[in-house]
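Worksheet: one structure, shown below.
The values are calculated or read from the model by the stated rules, or taken from the named source; none is laboratory data. Given the structure is predicted, the values throughout are model-derived calculations rather than measurements. Every residue, glycine as well, gets a Cβ built from its backbone with ideal geometry; the counts of neighbours run over all protein chains shown.
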Amino acid sequence: MKIKFYGVRGSYPKTGMDTVRYGGNTSCVSITKIHKDMLYRIIIDCGTGVINLGKEIVKNYLDGKEKLNITMLFTHLHPDHTQGFPFFAPNFFSSCNIRLMGMKCLKKHIGNVLEQEMLPPTFPIEYKDLKSTRKHYELIDGQTFYIKELQNTQYTPRDFLKIEVMQSYGPSHPQQGATYYKVTDLETKKSVACIWDIESHPGGDQRIIKFAKDCDIMIHDTQYTEEEYNSDKIIVQGFGHSTYDMAIKNAQKAGIKKQLIGFHFNPNHTDDDLDIIQKKLWKRNDQFTINLANEDMEIEI
């Protein structure tokens with residue numbers, strides 16, 4: 001199972017020379033698994049990072065390396081997690097099948113929300129005009145579902161990836177909360193907890209700790225430093241994001257085995273700012289390694 005980052009920023013994209021090393025695109029993470037010589041892909045969130053991912057998928061498809069069968073999970077439906085979807089290149093192939101999965105907000109599923117974002121006069125192509133085949137699924141707290149083998153033999157397809165769902169509610173993230181995912185490779189028993197767009201608690205969030213218990217890797221929201229979070233000059237408490245200390249505490253108490261990855265960075269944090277933060281974090285823990293995500297970073301577990 002491979003994890004690759006295509007967008008690591010929160011709130012809005014940040015371009016310029018001071019975001020080159022870590023990247024300026026908004027949230028998008030890809031998880032792939034080669035099973036019986038076939039590549040399966042899960043995409044978590046469709047920020048602007050999904051645009052480059054889409055180009056990569058199309059190249060793989062044209063080279064005969066990947067089929068256009070995609071599971072797309074959404075943590076929630078704020079713009080920095082959906083704004084790349086209309087520019088996702090596989091959408092313009094009739095052979096592309098996408099499962100769009102996530103929370104239902106204000107009685108609307110993901111497709112309804114994306115459809116609204118692509119209405120004229122503010123968008124040139126409507127959602128209904130995309131060539132891909134899209135199916136929409138509502139996920140709820142405590143749900144578990146599986147990625148199965150594609151039906152290419154006479155035998156019943158087997159499960160090989162397990163996905164568990166945790167739903168948070170406001171004030172963890174305004175306004176309807178967010179959804180977090182734990183992905184487990186049933187063949188290797190390795191697992192990753194995807195926890196971003198959450199305002200955790202000093203000392204640890206017990207629901208997150210229980211949900212991510214004993215995972216190999218935790219990807220956690222780290223939008224603010226402690227100084228920013230506790231500042232009386234620019235108020236960010238209540239915005240639905242965590243500090244680096246909150247992420248470390250959750251990972252320690254959850255017993256994360258290998259690596260904590262900081263993610264969903266403050267768009268005001270430059271590459272140099274993140275370098276300074278990274279150097280401080282290396283000294284913080286001996287239970288697991290702590291690293292900050294960057295675009296094109298790839299991890300195999």
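Couple of notes before you dig in:
- Qualifying residue in segment 100-121 (condition: at pLDDT below 95, more than 24 Å from Tyr181 (Cα to Cα) and among the β-branched types (Val, Ile, Thr)): no
- Residues located in segment 201-231, provided they are in a loop (DSSP other than H, G, I, E, B) and exposed (fewer than 14 other Cβ atoms within 10 Å of the Cβ): Pro202, Gly203, Asp214, Asn230, Ser231
- The residue list Gly49, Gly64 contains one member that is surrounded by fewer than 19 Cβ atoms within 10 Å (Cβ to Cβ) and within 23 Å of Phe92 (Cβ to Cβ), which is Gly64.
- Scanning segment 254-269 for residues that are surrounded by fewer than 22 Cβ atoms within 10 Å (Cβ to Cβ) and either out of contact with any Gly (no Cβ under 8 Å at 6 or more places or on another chain) or within 17 Å of Cys215 (Cβ to Cβ) (or both) yields Gly255, Lys257, Lys258, Gln259, Asn268.
- Of the numbered criteria (1) surrounded by fewer than 17 Cβ atoms within 10 Å (Cβ to Cβ); (2) in contact with a helix residue (DSSP H, G or I) (Cβ under 8 Å, 6 or more places away or on another chain); (3) farther than 18 Å from Asn294 by Cα; (4) touching a residue at least 60 places away in the same chain (Cβ under 8 Å), the one Asp272 fails is (3).
- In the set (1) over 17 Å from Thr270 (Cβ atoms); (2) of a type in the set (A, V, I, L, M, F, W, C); (3) surrounded by fewer than 17 Cβ atoms within 10 Å (Cβ to Cβ), the condition left unmet by Val20 is number (1).
- Residue that is surrounded by the fewest Cβ atoms within 10 Å (Cβ to Cβ) [pool: residues in segment 232-253 that are over 17 Å from Trp282 (Cα atoms) and among the β-branched types (Val, Ile, Thr)]: Ile234
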